[in-house]
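Enquirer: My questions will all concern the structure given below.
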Amino acid sequence: MRVTELDTPVLTVDQDGLEANLKRYHQYFRECGIALRPHIKTHKCLAIAHAQIRAGATGITCQKLSEAEVMLAGGVCADILIPYNIMGAAKLVRLGTLARQCSLTVAADSEYTVAGLGSAAREAGACVGVVIELYQGRTGVESPAAAVALGQRIQAEKGLELRGVMIMPAPPGVRPLLQETLDLFDRQGLPHPIVSGGSTPSALTAHEIPELTEYRVGEYCVGGESHLRRGTHTVEQCALRVLATVVSRPAPDRAVLDGGSKTFSASMLKTDDGPSMGYIVEYPDARFTGASEEHGQVDLSRSVRKPVIGERVQVLPVHPCPCVNEHDEIVAVRQGLVQARWPVHARGCIR
Ligand SMILES: Cc1ncc(COP(=O)(O)O)c(C=O)c1O
């Protein structure tokens, strides 16, 4: 089947672009001697996760327990990092079950989390690895001394194994914080076999932080408009594309697409030209400025060429992760032909 025969709106992934990204990033990390642990929250899709393992990933990262359960059941790999504070009776029972089936490492930034993890591990008769998150604006302990105190607490908790630290994001500027923390760990005899950095924007500067042992990247595999603008991905390397149809031209300088926030997600990128919800490949000077649920609003005032009603366009979403979560499947395409339909297995896995 040809891509042009697909009904729209439809989420596609260009396999050439996807494979080029895997090759480029996995080779970089191999050369740096840093293990790559892709974050599957971006695609939530077993087919892509399996491809990442085939490309040499050490293990995977899942933001939520339910994503990890889906990936494990799908046979992706048995080495999983969940960089999230997991708590509450319902989740802790599931955590114990998961820990019995794979090598599991989770993040913690409080004694509350550590106490819950410890009792879950003991209850399940399993070992749960723990990394301490260092604060960079979201969650995490606020100082190296606090990391050491929590590390000692983890070591005292039966069933838990202190595995090191994680940080998000990991631009070169975080190195002094990591060095100070690891130095304190060493002086206190605390182990840190894992020093985990993350995020696509800073991925290709990971070699500037030799303390890193592994790295979590999500969006690297498909890119998006924000990566295109930042220069980490070319248009060809932005492999995730929504095919949409122009359903209305209500004014000379406006076009309306057959997809809105329920197709692209409500993610907006702030640009010098105003807000953007996506980059239209065939009309790079058009601006996708906003959307309601099922209508995408495109400003054509700067575009000399303008699409006609019924025309199909390819749109690079600004943020691939929430966009994928709006879809049941990703259609894999290569050189204009449909190759496969990949279910988004972990769609909606938020617990
Ligand atoms: C803890 C953690 N690690 C890694 C990533 C991957 O970041 P990116 O999607 O920029 O590669 C994320 C993304 O939100 C994250 O929250």
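The values are calculated or read from the model by the stated rules, or taken from the named source; none is laboratory data. What you are looking at is a predicted structure, and each value in this text was computed from that prediction instead of being measured. Backbone-built Cβ (ideal geometry, glycine too); neighbour counts: all protein chains shown.
Enquirer: Within the stretch 172-184, does at least one residue satisfy the condition of being among the charged types (D, E, K, R) and either in a loop (DSSP other than H, G, I, E, B) or touching a Ser or Thr at 6+ places or on another chain (Cβ under 6 Å) (or both)?
Expert: Checking the stretch 172-184: not a single residue is among the charged types (D, E, K, R) and either in a loop (DSSP other than H, G, I, E, B) or touching a Ser or Thr at 6+ places or on another chain (Cβ under 6 Å) (or both).
Enquirer: Can you pull out the residues in the stretch 157-171 that are in a loop (DSSP other than H, G, I, E, B) and more than 18 Å from G116 (Cβ to Cβ)?
Expert: M168, P169, A170, P171 - these are the residues of the stretch 157-171 that are in a loop (DSSP other than H, G, I, E, B) and more than 18 Å from G116 (Cβ to Cβ).
Enquirer: Same structure again: Being within 19 Å of M87 (Cβ to Cβ) and assigned to a strand (DSSP E or B) is the filter here, so list the residues in the stretch 124-156 that pass it.
Expert: V128, G129, V130, V131, I132, E133, V141
Enquirer: Applying the selection to the stretch 133-167, what residues are in contact (Cβ under 8 Å) with a residue 40 or more places away in the chain and either touching a Lys or Arg at 6+ places or on another chain (Cβ under 7 Å) or of a type in the set (D, E, K, R) (or both)? Talk me through it step by step, then tell me what you get.
Expert: Let us first name the residues in the stretch 133-167 that are in contact (Cβ under 8 Å) with a residue 40 or more places away in the chain, namely 133-134, 139, 144, 148, 150, 153-154, 157-160, 163-164, 166.
Hits for the stretch 133-167 are E133, R153, E157, K158, G159, R163.
Rundown of residues vs (1) under 16 Å from L243 (Cβ atoms); (2) in a strand (DSSP E or B); (3) modelled with pLDDT of 95 or more; (4) away from the ligand (no atom under 16 Å from the Cβ), yes/no style:
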| site | (1), (2), (3), (4) |
| --- | --- |
| T289 | no, yes, yes, yes |
| E294 | yes, no, yes, yes |
| P307 | yes, no, yes, yes |
| G310 | yes, no, yes, yes |
| V315 | yes, yes, yes, yes |
| C323 | yes, no, yes, no |
| V333 | yes, yes, yes, yes |
| W342 | yes, yes, yes, yes |
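Enquirer: Looking at K41, is it crowded, with 17+ Cβ neighbours inside 10 Å, modelled with pLDDT of 95 or more and among the basic types (K, R)? Give the steps one after another, and end with the answer.
Expert: Numbers: crowded, with 17+ Cβ neighbours inside 10 Å: yes; modelled with pLDDT of 95 or more: yes; among the basic types (K, R): yes.
Yes: the conditions hold for K41.
Enquirer: Just to be sure before I move on: is C32 among the hydrophobic types (A, V, I, L, M, F, W, C) and within 28 Å of L134 (Cα to Cα) in the structure I sent?
Expert: Against the criterion (among the hydrophobic types (A, V, I, L, M, F, W, C) and within 28 Å of L134 (Cα to Cα)), C32 qualifies.
Enquirer: Specify which of the listed residues (E69, E19, E31) is surrounded by fewer than 23 Cβ atoms within 10 Å (Cβ to Cβ), in contact with a His (Cβ under 9 Å, 6 or more places away or on another chain) and not in a loop (DSSP other than H, G, I, E, B).
Expert: On the way: E69 fails: in contact with a His (Cβ under 9 Å, 6 or more places away or on another chain); E19 fails: in contact with a His (Cβ under 9 Å, 6 or more places away or on another chain).
None of the others qualify; the one that does is E31.
Enquirer: Could you check the stretch 88-123 and list, in sequence order, the residues that are part of a loop (DSSP other than H, G, I, E, B) and either over 17 Å from R138 (Cα atoms) or within 16 Å of the ligand (Cβ to nearest atom) (or both)?
Expert: Hits for the stretch 88-123 are G88, C102, D109.
Enquirer: Within the stretch 135-171, can you find the residues that are within 16 Å of the ligand (Cβ to nearest atom), over 24 Å from R122 (Cβ atoms) and of a type outside the set (A, V, I, L, M)?
Expert: Y135, Q136, G137, R138, T139, G140, P169, P171
Enquirer: Is it true that A146 is closer than 22 Å to L36 by Cβ and either surrounded by 17 or more Cβ atoms within 10 Å (Cβ to Cβ) or not assigned by TED's automatic domain parsing to the domain that holds T113 (or both)?
Expert: Values: closer than 22 Å to L36 by Cβ: no; either surrounded by 17 or more Cβ atoms within 10 Å (Cβ to Cβ) or not assigned by TED's automatic domain parsing to the domain that holds T113 (or both): yes.
No, not satisfied.
Enquirer: Mind listing whichever residues of the stretch 34-51 are more than 18 Å from L212 (Cβ to Cβ) and away from the ligand (no atom under 12 Å from the Cβ)? Talk me through it step by step, then tell me what you get.
Expert: Here is the first cut: in the stretch 34-51, the residues more than 18 Å from L212 (Cβ to Cβ) are 40-51.
Residues satisfying the conditions are K44, C45, L46, A47, I48, A49, H50, A51.
Enquirer: Checking S202 against (1) farther than 30 Å from V141 by Cβ; (2) surrounded by 15 or more Cβ atoms within 10 Å (Cβ to Cβ), only one condition comes out false. Which one?
Expert: (1)
Enquirer: Follow-up. For the stretch 213-286, list the strands (runs of 3 or more DSSP E) that sit wholly inside it and hold at least 3 residues that are under 28 Å from I167 (Cβ atoms) and within 16 Å of the ligand (Cβ to nearest atom); which are they?
Expert: 214-216
Table: residues versus (1) touching a Cys at 6+ places or on another chain (Cβ under 7 Å); (2) closer than 27 Å to Q152 by Cβ; (3) assigned by TED's automatic domain parsing to the domain that holds A147.
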residue: I167; (1), (2), (3): no, yes, yes
residue: P171; (1), (2), (3): no, no, yes
residue: L204; (1), (2), (3): no, no, yes
residue: E211; (1), (2), (3): no, yes, yes
residue: R230; (1), (2), (3): no, no, no
